[in-house]
Amino acid sequence: MQTITTVAELRGALANVRDKRVGFVPTMGYLHDGHLALVEASRAQCDVTVVSIFVNPTQFGPTEDLSTYPRDFLRDEKLCRDAGVAIVFAPEEREIYPAQFETFVEPGELAKSLCGAFRPGHFRGVATVVCKLFNMVRPDIAFFGQKDFQQCAVVRRMALDLNLPIEIVTVPTVREPDRLAMSSRNRYLNKEERRRALSISRGLLAAEAEFRVGERNCEKLIAIARQHLDEVDRLQYLELVDADTLEPASGPLSHPAALCAAAYVGSTRLIDNVILKP
Ligand code: PAF
């Protein structure tokens, strides 16, 4: 495995494998089994897997956790090596955002609801860095986790709108044994918060279970999930949205939808979702 920090070196290393299928897993590091499932999916479908590790400042709001975002590069590197990654791309901030940087990718309607409503500029930062990383790596396929459902929708739209010849694959959310969705931010939770955080997945999975046995009424499905969510400190949103347009779903469900939640437990913001396919 090669660890590379500059775009020039990355291009040089990838020049030798342009006849191969390149898979790309963009991350902000502090890797967990959710990331490793993306690597596994990439290795199953591609000849060469590139993982980027870059905590992207432009996707954090001024009051968010950029400075405290968990980092452990040596551990990440080892996990990548053990998982069969070919290249880890870990640039410094200046390599991605040179002085006087001023060109951004501005996503549209898909970025305005759900997390976008509470994190202004977040998806602009995500779309910009993902577009730049795509241009650097030029992968055939890029892999994203379903936990960041809206991110997947925004990135897929961006790839279509900007004619990027890259297939976007969404990999199902990996959960802890007690069903908490894996996230690098879970490490912020103390024991008591960790227990209460479980109410998010409990609510979503309860609604999914009712959906599986035939419940199709959108309002009822939301109500089932909401019953469990009283243990969080602040629910930002709990919404059932069309899986393609992210517009609110109502009445009887006839098209794939995502039941999405974001909530604070203590000072940690967590997101999760389940996909309901009628
Ligand atoms: O999902 C993430 O970790 C980040 O949003 C991403 C896609 C690596 C862009 O910084």
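The values are calculated or read from the model by the stated rules, or taken from the named source; none is laboratory data. Just so you know, these numbers come straight off a predicted model, no measurement behind them. For neighbour counting, all protein chains shown are included, and Cβ atoms are generated from backbone atoms with ideal geometry for every residue, glycine included.
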Q: Residues being outside any helix (DSSP H, G or I) and either within 13 Å of the ligand (Cβ to nearest atom) or among the β-branched types (Val, Ile, Thr) (or both): count how many of those fall in segment 32-64.
A: 13
Q: Residues being farther than 18 Å from Thr63 by Cα, outside any helix (DSSP H, G or I) and of a type outside the set (Gly, Ala, Ser): count how many of those fall in segment 98-123.
A: 10
Q: Would you point out which residue out of Leu253, Leu240 is more than 16 Å from the ligand (Cβ to nearest atom) and touching a residue at least 40 places away in the same chain (Cβ under 8 Å)?
A: Leu253
(Q) If I filter segment 47-62 for residues that are surrounded by fewer than 20 Cβ atoms within 10 Å (Cβ to Cβ), among the aromatic types (Phe, Trp, Tyr) and without any contact (Cβ under 8 Å) to a residue 60 or more places away in the chain, do I get at least one hit? (A) no
Q) Taking segment 151-177 as the region of interest, how many residues are among the hydrophobic types (A, V, I, L, M, F, W, C) and touching an Asp or Glu at 6+ places or on another chain (Cβ under 8 Å)? A) 3
Q: Return the only residue of Arg75, Arg71, Arg21, Arg11 being at pLDDT 95 or above, among the basic types (Lys, Arg) and touching a Cys at 6+ places or on another chain (Cβ under 8 Å).
A: Arg21
Q.
Just the residues that are outside any helix (DSSP H, G or I) and either basic (Lys, Arg) or more than 9 Å from the ligand (Cβ to nearest atom) (or both), please, taken from segment 143-166.
A. Phe143, Leu162, Asn163, Leu164, Pro165, Ile166
